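Notes follow once the structure below has been shown.
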Amino acid sequence: MRSYTYDAEKLKCWIEREKIKKFAVQLPAGLLPRAREILEELGGYGEPLLYAEPAFGACDFPDLDAIPEIDGLVQLGHAEIPGVTKNRKILFLELYSTAEPKPPDKIPGNMGDRICLLTTVQYLKQLQKIADFLKEAGRRVHIPGPMNRTLYPGQVLGCDVSSAAACSTIVDSYLFVGDGRFHPAGIAMLTSRPVYRYLPSGRIEPLEFEREKFLRAGVSKASAIRDARTVAIVVCTKPGQKRLKLARELAGILKSHGKNPCFLTINNLSPEFLNYTGNDLLISTACPRVALEDYGNYEVPLLTPQEALLGLGEIKNYEMDQFLPGHI
Ligand code: SF4
């Protein structure tokens, strides 16, 4: 784990407090090739074994009873999502990048004076230093406090960018620290302010995201529900993606519109199975990003709950699906 650090004291305290000897280790997909090296390192704390299904987030962890002879599970990489589990035998051990932040090469003029700084847990330790760089360059920096599914100031998740949305009237642009498109695209879906990425090299670049096109596609997708004769509501079995209350509420609304929905439950949403369930249309209550971004891979329309409500005329404007309180 050379390019990352973690809080070894937190791991040690958990091992002692919960009397852990054998434990399963779950990794993000990107770290699976380094599993042997990681297990060897964690072997200094007990007897680790690899739980080989990767974690796509802290929403996604296994049932401990299904793994024989372990006392607990360490999920590496993500910060715990408040309220998703109270199981003390599961430890969410955050990984922090050790990359040294570099001053930005150039701050694009159209970022404006007021910049909202956001990141994922991996780059949290760099955030203050990058804020200082921006302040030295004469910009005002806003790091929003945590909300709903996040624990730390500046942290965003693919399913919860509510802290970014909450400050949209007091900032001119958003600057996401980190690589990849997944998280900044989530910010861009929810706000009309420009979104930029701060790459580890110190380069700031605009995120290419056509929000109008995204909204038009969502509205067009929503209309498919009007003609759908058979509709299924998909409920994910991952602990932090299971929105049963929302699924039940949706079923009630669908019935009031003359639809007769059935429920489907699945762990990993995949067209391989969901294309062949005999339904004209699916509504996903799982990770919002599946129906928002992967719907093109499905042969049947795959809607978010909000798209279904829009298509039925229950809401007037397009709303992006997020995991907000009261749905789990
Ligand atoms: S629900 Fe989706 S976006 Fe949210 S933490 Fe899980 S995988 Fe990430």
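Quick grid of which residues meet (1) among the aromatic types (Phe, Trp, Tyr); (2) within 29 Å of Asn268 (Cα to Cα); (3) loosely packed, with under 15 Cβ neighbours inside 10 Å:
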residue: Tyr4; (1), (2), (3): yes, yes, no
residue: Ile15; (1), (2), (3): no, no, no
residue: Leu39; (1), (2), (3): no, yes, no
residue: Tyr45; (1), (2), (3): yes, no, no
residue: Ala52; (1), (2), (3): no, yes, yes
residue: Ala55; (1), (2), (3): no, yes, no
residue: Pro62; (1), (2), (3): no, yes, no
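List the residue pairs whose Cβ atoms are under 6 Å apart, where the first residue sits in region 299-317 and is closer than 18 Å to Phe273 by Cα, the second is aromatic (Phe, Trp, Tyr) and in a helix (DSSP H, G or I), and the two are 6 or more positions apart or on different chains.
Short answer, once both residue conditions are applied: Leu302/Tyr295.
In the list Thr150, Thr120, which residue meets the criterion of being polar (S, T, N, Q), under 22 Å from Phe209 (Cα atoms) and modelled with pLDDT of 95 or more?
Criteria check complete, one pass: Thr120.
Any idea how many residues of region 288-327 are in a loop (DSSP other than H, G, I, E, B) and in contact with a Gly (Cβ under 7 Å, 6 or more places away or on another chain)?
Residues that pass the stated criteria total 1.
Scan region 217-244 residue by residue and report those that are surrounded by fewer than 21 Cβ atoms within 10 Å (Cβ to Cβ) and in a helix (DSSP H, G or I).
Ala217, Val219, Ser220, Ser223, Ala224, Arg226, Leu244
Looking at region 164-180 only, could you name the residues that are at pLDDT 95 or above and either among the charged types (D, E, K, R) or in contact with a Gly (Cβ under 7 Å, 6 or more places away or on another chain) (or both)?
Asp172, Ser173
Taking Asp280, is it touching a Pro at 6+ places or on another chain (Cβ under 9 Å), closer than 28 Å to Lys213 by Cα and not assigned by TED's automatic domain parsing to the domain that holds Ala232?
In short, no.
Tell me whether region 267-279 contains one or more residues that are assigned to a loop (DSSP other than H, G, I, E, B) and under 25 Å from Ile187 (Cβ atoms).
Within region 267-279, one or more residues are assigned to a loop (DSSP other than H, G, I, E, B) and under 25 Å from Ile187 (Cβ atoms).
Consider Glu100 carefully, then state whether it is charged (D, E, K, R) and either buried (at least 20 other Cβ atoms within 10 Å of the Cβ) or in contact with a helix residue (DSSP H, G or I) (Cβ under 6 Å, 6 or more places away or on another chain) (or both).
no
Being closer than 16 Å to Pro82 by Cα and hydroxyl-bearing (Ser, Thr, Tyr) is the filter here, so list the residues in region 138-173 that pass it.
Listed by number, the residues that qualify are Thr150, Tyr152, Ser162, Ser163.
Quick check on my filter: what residues within region 170-216 are among the aliphatic types (A, V, I, L, M) and either within 16 Å of the ligand (Cβ to nearest atom) or outside any loop (DSSP other than H, G, I, E, B) (or both)?
Correct list: Leu175, Val177, Ala185, Ile187, Ala188, Met189, Leu190, Val195, Ile204, Leu215.
Would you tally the residues in region 246-266 being within 18 Å of Met320 (Cα to Cα) and either part of a strand (DSSP E or B) or within 16 Å of the ligand (Cβ to nearest atom) (or both)?
Summing the residues that are within 18 Å of Met320 (Cα to Cα) and either part of a strand (DSSP E or B) or within 16 Å of the ligand (Cβ to nearest atom) (or both) in region 246-266 gives 2.
Mind checking whether some residue in region 138-148 is assigned to a helix (DSSP H, G or I), closer than 23 Å to Ala286 by Cα, within 16 Å of the ligand (Cβ to nearest atom) and not assigned by TED's automatic domain parsing to the domain that holds Phe56?
Looking through region 138-148, none of the residues is assigned to a helix (DSSP H, G or I), closer than 23 Å to Ala286 by Cα, within 16 Å of the ligand (Cβ to nearest atom) and not assigned by TED's automatic domain parsing to the domain that holds Phe56.
Filtering region 289-304 down to residues that are surrounded by fewer than 24 Cβ atoms within 10 Å (Cβ to Cβ), under 30 Å from Gly83 (Cα atoms) and not aliphatic (A, V, I, L, M), which residue is nearest to the ligand (Cβ to nearest atom)?
Applying the filter and picking the extreme gives Arg289.
Name the pairs: first residue in region 200-216 and among the β-branched types (Val, Ile, Thr), second residue modelled with pLDDT of 95 or more and in a helix (DSSP H, G or I), Cβ to Cβ under 8 Å, at least 6 apart or on different chains?
Ile204/Met111
If you take the residues in region 267-280 that are surrounded by 15 or more Cβ atoms within 10 Å (Cβ to Cβ) and of a type in the set (A, V, I, L, M, F, W, C), which one is farthest from the ligand (Cβ to nearest atom)?
Out of the qualifying residues, it is Leu274.
If I ask for residues that are of a type outside the set (Lys, Arg) and surrounded by fewer than 22 Cβ atoms within 10 Å (Cβ to Cβ), which ones from region 117-131 would you list?
Gln122, Leu124, Gln126, Leu127, Gln128, Ala131
For Ile283, indicate whether it is surrounded by 19 or more Cβ atoms within 10 Å (Cβ to Cβ) and either under 20 Å from Phe182 (Cβ atoms) or touching a residue at least 12 places away in the same chain (Cβ under 8 Å) (or both).
Yes; evaluated as a whole, the condition is true for this residue.
Taking region 33-69 as the search range and keeping residues that are within 16 Å of the ligand (Cβ to nearest atom) and not charged (D, E, K, R), which one is farthest from Lys238 (Cα to Cα)?
Per the stated criteria, the residue is Pro54.
The values are calculated or read from the model by the stated rules, or taken from the named source; none is laboratory data. As the structure is a computational prediction, the values presented were derived from the model and not from experiment. In this analysis, Cβ positions are derived from the backbone assuming ideal geometry, glycine residues included, and neighbour counts consider all displayed protein chains.
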